[in-house]
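A short worksheet on the structure shown next.
Laboratory data are not the source of any read-out in this text; all were calculated from the coordinates shown. No experiment lies behind these values; they were computed from the predicted model shown. Cβ placement follows ideal geometry from the backbone for every residue including glycine, while neighbour counts extend to all protein chains displayed.
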Amino acid sequence: MIHQYDEPVYLISIVAKILDIHPQTLRQYERENLICPSRSNGRIRLYSQRDIDKIKLILRLTRELGVNLAGVDIILRLKDNVDNMEQEIAELRHAVLKAKNAHSVSPDKALVTKKSVYEMIIFQK
């Protein structure tokens with residue numbers, strides 16, 4: 001069965017086993033607001049593949065790079081800001097390209113006829 005990237009389907013015990021960490025570590029990350037797993041009706045934590053990938057990033061930052069959890073929080077916030085800005089830039093580029101293409105109507109299909117730029121002014125003596 002294939003699940004969506006954001007679909008919460010993994011129990012805490014499964015995630016802990018996949019990542020080879022203690023479930024208490026996952027609870028600590030949640031207390032620190034580094035992750036926010038979904039909850040079932042019975043209040044059971046359910047993790048998505050996106051959550052697992054985020055936890056992998058947290059583990060890499062803490063284990064391999066020696067970043068403490070406060071630093072991880074800052075890094076994750078900055079990463080979210082950069083991701084949002086990149087999305088906004090992509091949308092703006094698309095809008096600019098669309099606007100440029102909108103103004104490139106061929107002359108035979110123009111709706112407005114061209115008017116002369118010059119006007120004649122007659123002076124009387």
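Observations on the structure shown:
- For the residues 46, 65, 61, 78, the requirement of being surrounded by 12 or more Cβ atoms within 10 Å (Cβ to Cβ) and over 22 Å from residue 3 (Cβ atoms) singles out 61.
- A count restricted to segment 15-30 and to residues that are within 15 Å of residue 56 (Cβ to Cβ) and either assigned to a loop (DSSP other than H, G, I, E, B) or in contact (Cβ under 8 Å) with a residue 12 or more places away in the chain (or both) stands at 7.
- Some residue of segment 31-44 being part of a helix (DSSP H, G or I) and β-branched (Val, Ile, Thr): no
- For beta carbons closer than 7 Å, sequence separation of 6+ or different chains, a first residue in segment 55-75 that is in contact (Cβ under 8 Å) with a residue 24 or more places away in the chain and part of a helix (DSSP H, G or I) and a second that is aromatic (Phe, Trp, Tyr) and surrounded by 15 or more Cβ atoms within 10 Å (Cβ to Cβ), the qualifying pairs are 55/29; 58/29.
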